[in-house]
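Peer 1: Okay, here's the structure, questions in a sec.
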Amino acid sequence: MEGQIKRFLPEQGYGFIEVTGQPDVFFIFKSIEDNSVRCEPGEKVEFEASENPKKPGRLMASNIRLVAGFKHEKLQLSGHPGSYLYQWGYIQLDDSDRNGKSYTERGVLHDLADIALVEDWKYGGTQHQRTPFPILKNYLIYTFYKQYCDKKVSDATHAGQSWAAFNTGLVDDRYEPIFALFGRNDRSSPPWKFFAFCRPNIDREGQELVSNFNPLPLAPKYFGNAEDVIFDPDTTIHPRYDHIVHDSIEKNRYPPTFLQKHVPLGIEWKDPTRLRKEERDEFLKDFRRKLKTDASTDLDIRNRINDAIDLAVKRARWNFKTAIPLYHPKANTISLLLPIALVDDNKADLALVVSRTAAGGYSGDTVYKLNWAYNHARLVCRPDSDWLTPTGDDDGDFEDVSLPGA
């Protein structure tokens, strides 16, 4: 007989095959003879049928195999990089409050934080109740995007059970790699469902991992040469003031205390932190517009930025770890971050994004808020820095910004 997989419950080990004009046919995964059968809804199969001993009059399938010529469609993800993980697999990253009051269900990031090498996954202070590990959440989402684009997300099918996994790039306190393991979703979309974070051959989950994947999925790789992540302090940086100054002011990246000292002609100062979003956006847009016509004030800001860049280069000359590599998901490129201190020379206010040009020089492309910068940098490695650390000073949402002109 022929039909198509209607539903499969991997935890229970059974499912149902839909047959045109007949009641659904029951099957257990042990009856699947063809290892290429994934038990995906819609998958066309052929099988032998006999009476179900527990339900007289109903059929039970055996010797299940793919219909000749059937090929699985290759999953194609698209859209914003931050959506790829959710398109690919069901996973609850945030905590949820069931019934509105009485029961809080933990997101799976608690499990990952528990086994990973100890690290600060927050921005300091009290975070949003539903997202206790915002840095870890962004890290996992964009690490998956990188792994998917590099074809390092693996899947395997054995005895009717399908698994998928990717290397998170994190390690435990013994430096054993941590993997995200998924099973086939019993619903049609997304195709995978989170099973566990695990380490090779540790506990049941780790045993499933090594039993189904050989070799194990590779760790993410963000650069090929050490030169890509080492800053040369003897190479001149050419700032892109249109992005560093004008665009970034309008995008509310600058500290208000700095802007207040550089108010262009024709602007009545208002503290952006005290304005509603619509008012703030309009004020900063007008600030940018007036600044571009006030050459004197614009030059004052540029000179202060140049001074901050010179100080950052001196710091990088003294300690090469001052320059921190970061990854841009959309552009799939590596840049470097340098501290920009505008209000107080001893405290960074922004991070300057510096990229190599085709000619071998440096372009100062834009500036990030510190928490945005930390999120991008954390994808590559945990920053070993005295200036870029998780803080509660600004909005920590991941801003997936491609380089200007990219």
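The values are calculated or read from the model by the stated rules, or taken from the named source; none is laboratory data. The structure displayed is predicted, hence computed values, not measured ones. Glycine gets a Cβ as well: all are built from the backbone with ideal geometry, and neighbour counts include every protein chain shown. Each accessible area value is taken on the protein alone, full model and side chains, heavy atoms only, with ligands, DNA and RNA left out. Shrake-Rupley method; radii C 1.70, N 1.55, O 1.52, S 1.80 Å.
Peer 1: Among the residues of region 106-128, which ones are open to solvent by 10 Å² or more (accessible area, probe 1.4 Å) and in a helix (DSSP H, G or I)?
Peer 2: Result: His110, Asp111, Ala113, Asp114, Ile115.
Peer 1: Among the hydroxyl-bearing types (Ser, Thr, Tyr) and within 27 Å of Asp111 (Cβ to Cβ): which single residue out of Tyr84, Tyr14 fits that description?
Peer 2: Tyr84
Peer 1: Quick one: Ala351 ticks every box in (1) loosely packed, with under 15 Cβ neighbours inside 10 Å; (2) of a type in the set (Gly, Ala, Ser); (3) not in a loop (DSSP other than H, G, I, E, B) bar one, so which box is it?
Peer 2: Exception for Ala351: condition (1).
Peer 1: Check whether at least one residue in region 187-204 is touching a Cys at 6+ places or on another chain (Cβ under 8 Å) and on the phi < 0 side of the Ramachandran plot, and report yes or no.
Peer 2: No.
Peer 1: Also, I was wondering about something else. Give the number of residues within region 243-293 that are touching a helix residue (DSSP H, G or I) at 6+ places or on another chain (Cβ under 7 Å), loosely packed, with under 12 Cβ neighbours inside 10 Å and β-branched (Val, Ile, Thr).
Peer 2: 1
Peer 1: Any residue in region 215-236 that's more than 11 Å from Lys152 (Cβ to Cβ): show its pairings with residues that are open to solvent by 50 Å² or more (accessible area, probe 1.4 Å) at Cβ separation under 6 Å, as long as the two are six or more apart or on different chains.
Peer 2: Val229/Phe223; Pro233/Arg317
Peer 1: Are any of the residues in region 74-82 at pLDDT 90 or above and touching a Lys or Arg at 6+ places or on another chain (Cβ under 7 Å)?
Peer 2: yes
So that you can scan it fast, the table gives a plain yes or no per residue for (1) surrounded by 13 or more Cβ atoms within 10 Å (Cβ to Cβ); (2) polar (S, T, N, Q); (3) part of a loop (DSSP other than H, G, I, E, B):
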residue: Phe16; (1), (2), (3): yes, no, no
residue: Gly21; (1), (2), (3): no, no, yes
residue: Phe26; (1), (2), (3): yes, no, no
residue: Ile64; (1), (2), (3): yes, no, no
residue: Lys71; (1), (2), (3): no, no, yes
residue: Leu75; (1), (2), (3): yes, no, yes
residue: Asp94; (1), (2), (3): yes, no, yes
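Peer 1: If you don't mind, there's one more thing I want to ask. Kindly list the number of the only condition in (1) modelled with pLDDT of 90 or more; (2) surrounded by 13 or more Cβ atoms within 10 Å (Cβ to Cβ) that fails for Pro41.
Peer 2: The single condition Pro41 does not satisfy is (1).
Peer 1: If you don't mind, another one. Check Thr143, Thr157, Thr131 and return the single one that is under 14 Å from the mean Cα position of the chain (by Cα), open to solvent by less than 40 Å² (accessible area, probe 1.4 Å) and β-branched (Val, Ile, Thr).
Peer 2: Thr143
Peer 1: Quick one: would you say Ile309 is closer than 30 Å to Val380 by Cα and part of a helix (DSSP H, G or I)?
Peer 2: yes
Peer 1: Let me ask you something else. For region 220-229, check the following and say yes or no: at least one residue is open to solvent by 60 Å² or more (accessible area, probe 1.4 Å), out of contact with any helix residue (DSSP H, G or I) (no Cβ under 6 Å at 6 or more places or on another chain), under 22 Å from Tyr139 (Cβ atoms) and among the acidic types (Asp, Glu).
Peer 2: yes
Peer 1: Let me ask something else about it. Would you check which residues across region 7-59 are at positive phi and touching a residue at least 60 places away in the same chain (Cβ under 8 Å) and list them?
Peer 2: Within region 7-59, Cys39, Gly42 meet the criteria.
Peer 1: Can you tell me which residues in region 28-38 are surrounded by fewer than 17 Cβ atoms within 10 Å (Cβ to Cβ) and under 23 Å from Lys74 (Cβ atoms)?
Peer 2: Within region 28-38, Asp34, Asn35, Ser36 meet the criteria.
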